[in-house]
Amino acid sequence: MKINKCDRGYIEAKKKRSIIYTLITALIGITVFIVGLFLNKMSNRNIFTVIAVLFALPAAKFLVGFIVVFPYHSVSRERYEKVKEHIVEGMELYTDLVITSAEKVMNLDFAAVGNKQVICLVGKKGQNIAYIRKYLSDGVNNWGSGYKVKVVDSEKIFINELDGVKTIEKDEKEQEEEENVKSFLKSLIV
């Protein structure tokens, strides 16, 4: 079963998938290089060497993906179920978010999106909450108008924020904006 972005367990699945793909592409590149050596009388001046070197590019891409998510961990099933109980109608719960910007890598355990709000719980302690809030607010406001972005570092405060959310009726334009905001947030995830 494939685990998609924003699903519980995504970070651990991403780690496994990245390391497996890194090893596979590296082994294919090495195999192509060795076959080229044997077919060309142990000379590395051949097209097989070029092809083998090109396999280093996807291997490096997968390795970088692994390195970015390595310090972070997926949310436990118990925490996920506990938080999911507080999600009201019109909200969608995202989890296991590792978001990158030009300057930082940020980890969010949860993000609840909907009803003109984005409420996030920081995953790893010590992150710059003001930076995360501004980064997300700037992006969300490009895709939807009137959204409030809240970033907290306490699970208790996060649950209190979720309990305070009121379900709102959305017209077609607001529904489209909400889908755009959700797509934007998913696009940030490594």
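Structure data summary
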{"read-out": "Filter pass, residue 112 being of a type in the set (Gly, Ala, Ser), open to solvent by less than 20 Å² (accessible area, probe 1.4 Å) and in contact with a helix residue (DSSP H, G or I) (Cβ under 7 Å, 6 or more places away or on another chain)", "value": "yes"}
{"read-out": "Filter result for residue 176 (at pLDDT below 95, in a loop (DSSP other than H, G, I, E, B), surrounded by fewer than 14 Cβ atoms within 10 Å (Cβ to Cβ) and of a type in the set (D, E, K, R))", "value": "no"}
{"read-out": "Pair list, Cβ < 8 Å and 6+ apart or interchain, from segment 135-164 residues that are under 20 Å from residue 101 (Cα atoms) to residues that are surrounded by fewer than 16 Cβ atoms within 10 Å (Cβ to Cβ) and of a type in the set (A, V, I, L, M, F, W, C)", "value": "151/129; 152/129; 153/129"}
{"read-out": "Answer residue from segment 2-11, given it is without any contact (Cβ under 8 Å) to a residue 12 or more places away in the chain and either over 19 Å from residue 123 (Cα atoms) or in contact with a strand residue (DSSP E or B) (Cβ under 9 Å, 6 or more places away or on another chain) (or both) and is surrounded by the fewest Cβ atoms within 10 Å (Cβ to Cβ) among those", "value": "2"}
{"read-out": "Exclusive hit being of a type in the set (A, V, I, L, M, F, W, C), buried (at least 19 other Cβ atoms within 10 Å of the Cβ) and under 22 Å from residue 87 (Cα atoms), set 165, 152", "value": "165"}
{"read-out": "Search result, residues across segment 1-40 that are hydroxyl-bearing (Ser, Thr, Tyr) and within 24 Å of residue 96 (Cβ to Cβ)", "value": "10, 18, 21, 22"}
{"read-out": "Count - residues of segment 67-94 that are touching a residue at least 24 places away in the same chain (Cβ under 8 Å) and in a loop (DSSP other than H, G, I, E, B)", "value": "11"}
{"read-out": "Unmet requirement for residue 70, which otherwise passes all of (1) open to solvent by less than 60 Å² (accessible area, probe 1.4 Å); (2) at pLDDT 95 or above; (3) touching a helix residue (DSSP H, G or I) at 6+ places or on another chain (Cβ under 9 Å); (4) within 30 Å of residue 21 (Cα to Cα)", "value": "(1)"}
{"read-out": "Residues (of a type outside the set (A, V, I, L, M) and either assigned to a helix (DSSP H, G or I) or touching a Lys or Arg at 6+ places or on another chain (Cβ under 9 Å) (or both)) located in segment 108-130", "value": "109, 110, 114, 115, 116, 117, 120, 127, 128"}
{"read-out": "So residue 125, is it touching an Asp or Glu at 6+ places or on another chain (Cβ under 9 Å) and open to solvent by less than 80 Å² (accessible area, probe 1.4 Å)", "value": "no"}
{"read-out": "Residue under evaluation residue 89, criteria (1) in contact with a Ser or Thr (Cβ under 6 Å, 6 or more places away or on another chain); (2) closer than 22 Å to residue 73 by Cα, criterion not met", "value": "(2)"}
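Conditions (1) outside any loop (DSSP other than H, G, I, E, B); (2) touching a Leu at 6+ places or on another chain (Cβ under 9 Å); (3) open to solvent by 70 Å² or more (accessible area, probe 1.4 Å), marked per residue:
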{"position": "13", "(1), (2), (3)": "yes, no, no"}
{"position": "23", "(1), (2), (3)": "yes, no, yes"}
{"position": "43", "(1), (2), (3)": "no, yes, no"}
{"position": "52", "(1), (2), (3)": "yes, no, no"}
{"position": "65", "(1), (2), (3)": "yes, no, no"}
{"position": "96", "(1), (2), (3)": "yes, yes, no"}
{"position": "102", "(1), (2), (3)": "no, no, yes"}
{"position": "106", "(1), (2), (3)": "yes, yes, no"}
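The values are calculated or read from the model by the stated rules, or taken from the named source; none is laboratory data. Keep in mind that this is a model prediction, so the values were computed, not measured. In this analysis, Cβ positions are derived from the backbone assuming ideal geometry, glycine residues included, and neighbour counts consider all displayed protein chains. For accessibility, only protein heavy atoms count, side chains too; no ligands or nucleic acids. Shrake-Rupley method; radii C 1.70, N 1.55, O 1.52, S 1.80 Å.
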